[in-house]
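Below you'll find the structure, written out as structure tokens, and then a few comments.
Bear in mind that the values in this text are calculations on the coordinates, not laboratory data. From a predicted model like this one, the values you see are computed outputs, not experimental measurements. Cβ: placed from backbone, ideal geometry, glycine included. Neighbour counts: every protein chain shown.
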């Protein structure tokens, strides 16, 4: 029962933390709850479909297809997180000044609602498909299944709670620093997801490894430990990274940073102060 | 330790098919073999064959591999080229199932 709980907890954790971060980072954007909820719903639907197909040996989602799908999912999350961050660096100041006023709206720019939807969708879909498959395997195995299903549900609840804790923690950050901290969180998250995508593309032979175990910090912090896994999700910690993972991490990090700086500095000249409607 | 080393040296001869492909079998909730050796510095094909009815997820954070293997199914992934060393893997759906890949420098030079 406990083993099941731990496995489900690990599967849920990534999605839970990602959603907590984007919910935190999109604070003050009106209507974000609906988009995030929609993303979770669609993600669960997608997860079930992928879980079903991944378990059919001959399907395109088995083996290579599965790894490529994972890479595509991760990279689309990276693109959406980038869009979100760039948008935030252009409008964050405006938002943080209005964040106290409930129901305030941001007047300029296209709000990254699709980004919120897609990020939550893919976060839920990726680990969710594994969770669905795992639970399904327990149920059909028959042995002690009720106990194990209960354990699994417990794991899901704890995973969601950790996400809520992170969200609550984020909200305690003073408004002045809020958006710069969340945008750094998203920047590191996106770089880590890009590195994961590189791992999947290397797994199917589409990318060279460029060296395995460029360093090995397993002895200091195992990636399979709880802290190791948390850092893996949040900042992309890899105990024994391959060269290609490091390249993806650094390149993604730099691209997002440059985009943020470019659009962040433009905003002063581009965005006019919002006029008070009379 | 010496025995283990010897056994792991012999394993490739005993357990694996030709073509430089390696096969890892999941049977009765165990990886068979639980440890096997591949040449270091070489990219090899690894076929993970699941003979159990339950799906498994072959996963290794040491070499960043993660793939679902359907019940009574098999998947092929690439491993390496690896530096000499030991790399752990496990079934993410059943953490009691663990094993390791040993990458060894080739004694005789081959292509």
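Points to keep in mind about this one:
- Stretched out straight at 0.36 nm per residue, the stretch from residue A:147 to residue A:226 would grow longer than its current Cα-Cα span by 26.1 nm.
- Spin-label pair residue A:180/residue A:251, simplified geometry with 7 Å Cα→Cβ offset, distance in nm: 3.0 nm
- Extending 7 Å from Cα along the Cβ direction at residue A:37 and again at residue A:206 yields two label points whose distance is 3.5 nm.
- Going from the residue with the fewest nearby Cβ atoms within 10 Å to the one with the most, A:35, A:83 rank A:83, A:35.
- Spin-label model, residue A:259/residue B:28: points 7 Å from Cα along the beta carbon direction are separated by 5.3 nm.
- Likely footprinting exposure, B:62, B:96, fewest C-beta neighbours within 10 Å first: B:96, B:62
- On the basis of the beta-carbon distance and an R0 of 35 Å, residue A:215 and residue B:51 show a calculated FRET efficiency of 0.45.
- Relative to the current alpha-carbon distance between residue B:42 and residue B:106, full extension at 0.36 nm per residue lengthens the span by 22.1 nm.
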